[in-house]
Amino acid sequence: MAEHAEHTAQPTTHPAYPVGLRLAGRRVVVLGGGQVAQRRLPALIAAGAEITLISPSATPSVDVMAETGEITWIKRRYEEGDLADAWYVLVATTDAATNAAASAEAERSRTWCVRSDDAEAATAWTPATGRSEGVTVAVLTGHDPRRSAAVRDAIVEGLRDGSIAAPQHRARTPFVALVGGGPGDPDLITVRGRRLLAEADVVIADRLGPRDLLDELPPHVEVIDAAKIPYGRFMAQEAINNALIEHAKAGRSVVRLKGGDPFVFGRGMEEAQALAAEGIACTVVPGISSSISVPGAAGIPVTHRGVAHEFTVVSGHVAPEDPRSLVDWASLAKLTGTLVILMGVDKIGKIAEALIAHGKAPETPLALVQEGTTASQRRVDATLATVAETVRTQEVRPPAVIVIGEVVTEGPDRLVE
């Protein structure tokens, strides 16, 4: 367990009785200001305990806790009577005699006492503890603290990513969440996004979202392919908005699973505004944007010291000469940093022509990364002058991220997967 130091005491015959201590507003005494105290104090502070630290010295981190008023620090050694009125005591000095004396005082006053130097002499043990969305996991495994920590980590990770099914049986408030699923690899969704997916009743998914995650959903979850929602008299986005509103008003927990980040060319704000107009609150869970992650997966840094001090992300879904375009291609051509283009594969020829016409060197290196972070990822290199022909001959297809700039030549030949 977490407070065990190296010792040779034999294990007790009886297992520990697990209990949760409610220490808010109650006196807790910590003896010793070293590494053990440094690790344990944050949890005691979070529990709302009124903490008195008794120690002639402390680590810099513990010192800061005292300076900010989170704990009261009495700068001396332990003395008999220091534990009076304490509900809980942590004994963690480097002096065995002091630890034994304090432990004896705690025993006489019937105060729960944890000892870092001798678990068998203590009246309480500190379990390996973790938390996830209101659930506290505490693990005791006798005399194997590393196993305790490993079991705790496995359970907490399972709760966070949804791989451990733990449905709530008490009434819970339905929710709507706009979740960024990341660039494609299911492992690149955020922990929070994965947990909300596990709690959803309805998932409205984009074609470019991490599709493998949908296979992990329980059978009762309704999965709606946003690309196949009947549009009728509505535009595609209006139909998606209406589906979100309909399911939310029916009291269901809804996740709108989007590729990349909801607010990076993901039309997430349109959905949030449509929900707000109906009085429906939503949670936005940011995702890893493909504008950075896909080049990174292909060994391309979007910035690099001495090469690029900035990068710009633009949408290439309309051509430069299209009156609907909001991109200032003339200004972009003058930048010396990296240009990342999303949704621009079929317009890259026109984009390259515009950049060259406004002064960008035709030999500027360029890379197209198709289906980045997935098993089908491939990288195709070209220049502004050759990219149109390269896309045609190499049959580059969406989705692909286009990176323009000298950083394209900086990456290692092969990254370790």
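Laid out as a table, the results:
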{"read-out": "Residue pairs meeting the criteria (Cβ under 9 Å; at least 6 apart or on separate chains; first touching a residue at least 24 places away in the same chain (Cβ under 8 Å), in region 231-251; second open to solvent by 40 Å² or more (accessible area, probe 1.4 Å) and among the basic types (Lys, Arg))", "value": "Gln237/Arg267; Ile240/Arg267"}
{"read-out": "Number of the condition not met by Ile245 [criteria: (1) out of contact with any helix residue (DSSP H, G or I) (no Cβ under 9 Å at 6 or more places or on another chain); (2) in a helix (DSSP H, G or I); (3) farther than 28 Å from Thr374 by Cβ]", "value": "(1)"}
{"read-out": "Residue within region 95-103 that is open to solvent by 50 Å² or more (accessible area, probe 1.4 Å) and within 15 Å of Gly33 (Cβ to Cβ) present", "value": "yes"}
{"read-out": "Condition broken by Leu140, with the remaining ones in (1) touching a Ser or Thr at 6+ places or on another chain (Cβ under 8 Å); (2) open to solvent by 50 Å² or more (accessible area, probe 1.4 Å); (3) over 17 Å from Tyr17 (Cβ atoms) satisfied", "value": "(3)"}
{"read-out": "Test: residue in region 106-121 that is over 30 Å from Glu199 (Cα atoms), among the hydrophobic types (A, V, I, L, M, F, W, C) and part of a loop (DSSP other than H, G, I, E, B)", "value": "no"}
{"read-out": "Single condition Asp322 does not satisfy, out of (1) closer than 23 Å to Leu208 by Cβ; (2) assigned to a helix (DSSP H, G or I)", "value": "(2)"}
{"read-out": "Failed criterion for Gly81 (all others in (1) assigned to a helix (DSSP H, G or I); (2) at pLDDT 95 or above hold)", "value": "(1)"}
{"read-out": "Test for Leu366: is it open to solvent by less than 10 Å² (accessible area, probe 1.4 Å), assigned to a strand (DSSP E or B), touching a residue at least 40 places away in the same chain (Cβ under 8 Å) and in contact with a helix residue (DSSP H, G or I) (Cβ under 8 Å, 6 or more places away or on another chain)", "value": "yes"}
{"read-out": "Filter result for Ile356 (in contact with a Leu (Cβ under 6 Å, 6 or more places away or on another chain) and either of a type in the set (Val, Ile, Thr) or open to solvent by 60 Å² or more (accessible area, probe 1.4 Å) (or both))", "value": "yes"}
{"read-out": "Residue list for region 27-43, filter: within 17 Å of Ala124 (Cα to Cα) and in contact (Cβ under 8 Å) with a residue 40 or more places away in the chain", "value": "Arg27, Val28, Val29, Val30, Leu31, Val36, Ala37, Arg40, Ala43"}
{"read-out": "Test: Val340 is within 34 Å of the chain's Cα centre (by Cα), more than 14 Å from Val401 (Cα to Cα) and not small (Gly, Ala, Ser)", "value": "no"}
{"read-out": "Count of region 12-47 residues which are open to solvent by 20 Å² or more (accessible area, probe 1.4 Å), in contact with a Gly (Cβ under 7 Å, 6 or more places away or on another chain) and on the phi < 0 side of the Ramachandran plot", "value": "1"}
{"read-out": "Region 198-242, residues that are closer than 17 Å to Glu271 by Cα and in a helix (DSSP H, G or I)", "value": "Ala226, Ala227, Ala236, Gln237, Glu238, Ala239, Ile240, Asn241, Asn242"}
{"read-out": "Number of the condition not met by Asp322 [criteria: (1) at pLDDT below 95; (2) under 36 Å from the mean Cα position of the chain (by Cα); (3) more than 20 Å from Thr303 (Cβ to Cβ)]", "value": "(2)"}
{"read-out": "Every pair of residues 6+ apart whose Cβ atoms lie under 8 Å, when the first sits in region 391-412 and is more than 16 Å from Arg305 (Cβ to Cβ) and part of a loop (DSSP other than H, G, I, E, B) while the second is open to solvent by 70 Å² or more (accessible area, probe 1.4 Å) and of a type in the set (Asp, Glu)", "value": "Pro398/Asp346"}
{"read-out": "Pair list, Cβ < 9 Å and 6+ apart or interchain, from region 63-87 residues that are in contact (Cβ under 8 Å) with a residue 60 or more places away in the chain to residues that are surrounded by 10 or more Cβ atoms within 10 Å (Cβ to Cβ) and not in a strand (DSSP E or B)", "value": "Trp87/Leu21; Trp87/Leu23; Trp87/Arg26; Trp87/Ala49; Trp87/Thr111"}
{"read-out": "Candidate set: region 329-353, residues that are open to solvent by 40 Å² or more (accessible area, probe 1.4 Å) and aliphatic (A, V, I, L, M); chosen: the one nearest to Val264 (Cα to Cα)", "value": "Met343"}
{"read-out": "Residue match in region 91-105 (condition: assigned to a strand (DSSP E or B), in contact (Cβ under 8 Å) with a residue 24 or more places away in the chain and touching a Cys at 6+ places or on another chain (Cβ under 7 Å))", "value": "yes"}
{"read-out": "Selection from region 262-286 of residues that are outside any loop (DSSP other than H, G, I, E, B) and open to solvent by less than 80 Å² (accessible area, probe 1.4 Å)", "value": "Gly268, Glu270, Glu271, Ala272, Ala274, Leu275, Ala276, Thr283, Val284, Val285"}
{"read-out": "Meets criteria (among the hydrophobic types (A, V, I, L, M, F, W, C) and under 29 Å from the mean Cα position of the chain (by Cα)) for Ile356", "value": "no"}
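A quick yes/no check of all residues on (1) modelled with pLDDT of 95 or more; (2) more than 30 Å from Ser376 (Cα to Cα); (3) among the charged types (D, E, K, R); (4) more than 21 Å from the chain's Cα centre (by Cα):
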site: Glu222; (1), (2), (3), (4): no, no, yes, yes
site: Gly232; (1), (2), (3), (4): no, yes, no, yes
site: Pro286; (1), (2), (3), (4): yes, no, no, no
site: Arg305; (1), (2), (3), (4): no, yes, yes, yes
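The values are calculated or read from the model by the stated rules, or taken from the named source; none is laboratory data. Source: prediction; values computed, not measured. Note that we place each Cβ from the backbone using ideal geometry, even for glycine, and neighbour counts take in every protein chain shown. Remember, those area values only see protein heavy atoms, side chains included, never the ligands or the DNA or RNA. Shrake-Rupley method; radii C 1.70, N 1.55, O 1.52, S 1.80 Å.
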